[in-house]
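Every number in this text was worked out from the coordinates using simple rules, so none of it is lab data. Remember, predicted model here, so these are calculated numbers, not experimental data. Positions of Cβ are backbone-derived with ideal geometry, glycine not excepted, and every protein chain shown enters the neighbour counts.
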Amino acid sequence: MFYTLLIQVMLQLLAVQKPAADQLKPNVVSAVAKDLDGINVKDHGAKGDGIDDDTQAIKDAIVFARANNVSIVYLPEGRYLIKDAGTKPGVIKLANGISLAGDGPTKSHIVLSGGRKNPVSIFYQEWREEPSVDNVTIRGIDFDGNLSRQKFDAEYQFCHALSINNGRNIEVENCKFQGFRGDGLLFGDTFEQTLNARIVSNVRVHDCEFYNIYREGTMFCCVNGAWFYNNWIHGSGYLVGGVDIERHSANETVTNVSVYNNLFDFRNGFGPVERGRIIKYRRAVTIGYFYEGYCNGTADSLSGHHNIHNNRIYQGQIDCFGHLNVKISRNTIINTFEKLKGVLHVSTPAINVSDARCTVGLKNVAIDSNYIRSAIPGNGIVFYKYKQVNARYNILKGKNLEGVMLINSEGAVHSNITQNN
């Protein structure tokens, strides 16, 4: 019996081993786009010198590509300054079927000019004119919101690099997103009048870097089918979290989102002052359904089927509020001590699964084979008002770290290892 248990423990230890932090950084390299048969923005008047306003040239290149059935707008090496004030939703309209490609995030830069008050997003979907944005790839570009040179109201959080409300087959790869008073990327829409009036499906975000993003690195709201992998999320900000998978109303579907093989490193940087106190600890991946919640307080099938696995997290947590059928496995979470009292949008458990209301039918969350080393007092894993839960083969280490806690919950908890040293 002893040797059987020892072998089992060793296998689980091997299963949760992760490569060094540097190995998990995305392969952000210069993606050569010169051989692409695309529309060059410099042929439409863009300078790329970081001085002249290149807004209209980029707009013209997108319009020209659409009119001539060319699928790619190419931004060669340069610093493209966006000086246009834009309208409330953003500055540059995305077009159905038109991709954006650069020479890599170290060479092709799109920069929002400074000196703005409550700056708007750079790229957006004007869904009244362009109901669906499909078959689009964004590749090899650095998007810079120039946050340190902007002014904003304390509650303002709506400046994104790129926002798509309705579409399918979207891929974002080998890009950098930095300095936005909102999100790096936003997919889907919120508070719709009818079910899934605007929804994004089959979206992939990979091998990208997110740095100093105020609200969320990426937000998935009203999405069915999304994959977020091989990304590096770090720096200051992340009021809500590194990745936010969030349903806002009964008329939205938020299902089938996978977050894996990412590095969330919050050791160098701080959360926004709006959280109450300035500390490093933040939510790496947050899954939620708040606001009015489910109709009649009964869970439906439109929130869940997510898979959060093989991520490495420093000074952060994973939480899940109000979603069903979620797997959280093989993640490594390492936290040093910080006092969390008075800080909003975080809790002490490294993995927290809870009902934010009084919901009937929340169930099927499995937390397996995670490695948690934390100096933050409390339970490493908590379930609150969930049924049919599982917590197995997790390793929890820390002087003041307790094990798995079930509060008004039911399920199977076994083969976990808790070490208070």
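Numbers at a glance
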item	result
Burial ranking of peptide ranges 329-342, 176-189 (average Cβ count within 10 Å, highest at the top)	176-189, 329-342
Whole-Å distance, taken between Cα centres, linking segment 395-419 and segment 205-247	28 Å
Gain in span if fully extended, residue 169 to residue 300, counting 0.36 nm per residue against the direct Cα distance	44.6 nm
Which listed pairs, of 176/363; 88/280; 59/107; 42/176; 47/176, have C-alpha distances above 28 Å, in listed order	176/363; 88/280
Segment residue 117-residue 291, extension gain: residue separation times 0.36 nm, minus the distance between their alpha carbons	59.8 nm
GluC sites (Glu not before Pro) within segment 144-225: DSSP coil, no more than 10 neighbouring Cβ in 10 Å	155
Likely footprinting exposure, 254, 343, 111, fewest C-beta neighbours within 10 Å first	343, 111, 254
Summed residue charge, Cβ within 14 Å of residue 205's Cβ, Lys/Arg positive, Asp/Glu negative	-4
Residues 162, 344, sorted so that the one with the fewest Cβ neighbours within 10 Å comes first	344, 162
R0 of 41 Å, Cβ-Cβ distance residue 417-residue 191: FRET efficiency to nearest 0.05	0.40
The chain: projected area of the alpha-carbon convex hull, averaged over directions, in nm²	20.3 nm²
FRET efficiency, 1/(1 + (r/R0)^6) with R0 25 Å, evaluated for residue 148 and residue 339 via beta carbons	0.35
Environment charge at residue 168 (Cβ cut-off 15 Å; Lys +1, Arg +1, Asp -1, Glu -1)	-2
Mean separation of Cα contacts under 8 Å (6+ apart) over length of the chain, as relative contact order %	10 percent
Between segment 166-183 and segment 368-385, the Cα center-to-center distance that results, in Å	31 Å
Net lengthening on full extension, residue 390/residue 273 (0.36 nm per residue, minus Cα-Cα)	38.5 nm
Summed side-chain charge close to residue 284 - residues other than residue 284 whose Cβ falls under 13 Å, Lys, Arg +1, Asp, Glu -1	+1
